[in-house]
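The values are calculated or read from the model by the stated rules, or taken from the named source; none is laboratory data. In this text, all values refer to a predicted model and were calculated from it rather than measured experimentally. Here Cβ is always computed from backbone atoms with ideal geometry, including for glycine, and neighbour counts include all displayed protein chains. In case anyone asks, the SASA skips ligands and DNA or RNA and just uses the protein heavy atoms, side chains included. Shrake-Rupley method; radii C 1.70, N 1.55, O 1.52, S 1.80 Å.
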Amino acid sequence: MAQQDRLARVRNRREFMDRLYHMNDPPKRRKTGEKTRGRLTELKTYILECNEVFRAGQGDRFSWEVEDTGVDTIRILNVKRNGTAPTLQFYMDMTDRRFLLLHTDELAEKANDAVEGLVGEYQHRFDHTWFHSDLLKKWARGLDGGFSGYAINYGGVLHGKDDTLKMEVSGTNAKKLYDALPDLKDTDRLLSHEAIEMRKGPKKPIGAFVEERIANMGYFSIKHGKSIANHLDIVSDCKNEYKEMITNVEKCRMRTSSQNGYDVFEGRPLAITYPTVNNLARFVDTMFNAKKPFKLWGIKLLRKEGQYSVPAVDLHEGSAINFEITPYMMRIYLEPGSCGNTIMRLITNLQTHYSAQTKCSDLE
């Protein structure tokens with residue numbers, strides 16, 4: 001990679017913000033020597049969950065290393081497909097050591113491939129952040145900004161049949177259709193949110209607002225506007241609410257403590273409900289096959305007709321999780337050290353691949 005193509009070092013936060021601003025510039029406004037690294041006016045930010053100390057590494061398909069920038073919490077992350085593609089670079093904000101922010105203006109296809117490569121490596125150190133449909137619906141109606149679009153992506157793999165819906169709507173009338181969809185007959189289970197679009201800041205001038213696409217795997221992209229501050233505010237608001245949910249989930253871990261000389265059991269199971277499953281054996285087999293998107297491996301044990309127990313392992317970080325599963329609900333018992341992100345991944349993918357009516361009242 002030529003020197004002018006590399007991300008620049010920054011000396012302070014102000015300079016970092018300036019770099020992000022120019023990464024969001026169209027080519028004619030780039031400084032001399034700056035390469036057009038992505039589509040017009042599209043800065044992208046990914047939230048990557050890392051439930052351990054971040055380290056450079058090499059896997060079967062990708063390797064990654066980190067460079068200093070001059071600011072303690074800002075790094076340059078280099079990601080490379082082993083032996084083939086050129087290095088992709090991200091500014092990595094490590095202010096929150098568990099939820100890393102990766103900023104780039106590379107083409108979406110290349111950037112998505114690099115992030116998927118990190119998440120997909122066999123060490124399973126990293127995971128996406130998983131914004132389930134109810135969370136995206138809440139943000140669509142509640143975040144400080146104008147609602148301007150959404151994407152539905154439903155695939156009924158857990159039904160064992162071809163049962164899909166994909167739809168993307170944007171524009172000034174997008175909200176009218178969005179509000180009408182739940183009233184259409186037999187549509188509730190299909191309305192699995194892949195993304196929402198919204199605006200933060202006044203419509204004019206262009207430097208005062210940003211129109212943002214928020215995807216359910218923790219991917220934020222600027223569609224219109226120039227306000228990097230508003231972009232980062234949206235990312236921060238979503239990350240902080242998500243982090244609070246993860247913290248609350250992890251408080252439910254099953255554990256024992258000693259009080260006044262006695263062992264006391266603490267924690268509680270989490271309950272997820274969904275419309276009745278007709279073929280429970282297939283439903284369980286598909287969830288625990290150690291493959292994407294659920295990334296769970298487990299042993300299916302029939303306890304009685306219509307009820308399975310599944311001692312399982314989360315492949316993200318190798319922690320043990322126990323399940324009790326019936327045709328209409330499951331209880332999940334997190335072990336000490338289990339990652340709350342697993343629950344968010346599970347709910348998001350149950351909504352996407354079984355029914356958007358899947359609920360977990362413990363998250364509300």
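Below, the figures for the structure above:
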| read-out | value |
| --- | --- |
| Filtered residues of the range 58-89 (kept if touching a residue at least 40 places away in the same chain (Cβ under 8 Å) and either out of contact with any strand residue (DSSP E or B) (no Cβ under 7 Å at 6 or more places or on another chain) or not charged (D, E, K, R) (or both)) | 59, 60, 62, 64, 69, 70, 71, 74, 76, 86, 87, 89 |
| Residue in the range 132-152 that is among the aromatic types (Phe, Trp, Tyr), at pLDDT 90 or above and open to solvent by 10 Å² or more (accessible area, probe 1.4 Å) present | no |
| Residue that is most open to solvent (accessible area, probe 1.4 Å), among those in the range 171-212 that are part of a loop (DSSP other than H, G, I, E, B) and over 27 Å from residue 20 (Cα atoms) | 185 |
| Residue list for the range 276-309, filter: in a strand (DSSP E or B) and touching a Lys or Arg at 6+ places or on another chain (Cβ under 6 Å) | 308, 309 |
| Checklist (1) open to solvent by less than 40 Å² (accessible area, probe 1.4 Å); (2) touching a residue at least 40 places away in the same chain (Cβ under 8 Å); (3) not hydrophobic (A, V, I, L, M, F, W, C) applied to residue 308, failing item | (2) |
| Test result for residue 320, closer than 25 Å to residue 50 by Cα and small (Gly, Ala, Ser) | yes |
| Enumeration of residues in the range 317-327 that are assigned to a strand (DSSP E or B) and either open to solvent by 20 Å² or more (accessible area, probe 1.4 Å) or out of contact with any strand residue (DSSP E or B) (no Cβ under 6 Å at 6 or more places or on another chain) (or both) | 320, 322, 324 |
| The range 182-231: number of residues that are in contact (Cβ under 8 Å) with a residue 24 or more places away in the chain, under 27 Å from residue 347 (Cα atoms) and hydrophobic (A, V, I, L, M, F, W, C) | 10 |
| All positions within the range 146-179 that are in contact (Cβ under 8 Å) with a residue 12 or more places away in the chain and charged (D, E, K, R) | 166, 168, 175 |
| Exclusive hit being under 20 Å from the mean Cα position of the chain (by Cα) and open to solvent by 10 Å² or more (accessible area, probe 1.4 Å), set 314, 362 | 362 |
| Tally, over the range 51-62, of residues that are crowded, with 18+ Cβ neighbours inside 10 Å and in a strand (DSSP E or B) | 1 |
| Test: residue in the range 267-275 that is in contact with a Pro (Cβ under 8 Å, 6 or more places away or on another chain), in a loop (DSSP other than H, G, I, E, B) and either open to solvent by less than 50 Å² (accessible area, probe 1.4 Å) or farther than 17 Å from residue 138 by Cα (or both) | no |
| Qualifying residues in the range 230-282 (those that are over 26 Å from the mean Cα position of the chain (by Cα) and among the polar types (S, T, N, Q)) - the one nearest to residue 321 (Cα to Cα) | 256 |
| Single residue of 344, 329 found to be more than 23 Å from the chain's Cα centre (by Cα) and either within 28 Å of residue 191 (Cα to Cα) or in contact (Cβ under 8 Å) with a residue 12 or more places away in the chain (or both) | 329 |
| Residue in the range 244-251 that is hydroxyl-bearing (Ser, Thr, Tyr) and within 24 Å of residue 118 (Cα to Cα) present | yes |
| Pick from the range 276-302, criterion touching a strand residue (DSSP E or B) at 6+ places or on another chain (Cβ under 7 Å) and among the β-branched types (Val, Ile, Thr), ranking: surrounded by the most Cβ atoms within 10 Å (Cβ to Cβ) | 284 |
| Selection within the range 252-266 - surrounded by 12 or more Cβ atoms within 10 Å (Cβ to Cβ) and either modelled with pLDDT of 85 or more or among the polar types (S, T, N, Q) (or both) | 252, 253, 254, 256 |
| Failed item, numbered, when residue 32 is tested on (1) over 23 Å from the mean Cα position of the chain (by Cα); (2) modelled with pLDDT of 60 or more | (2) |
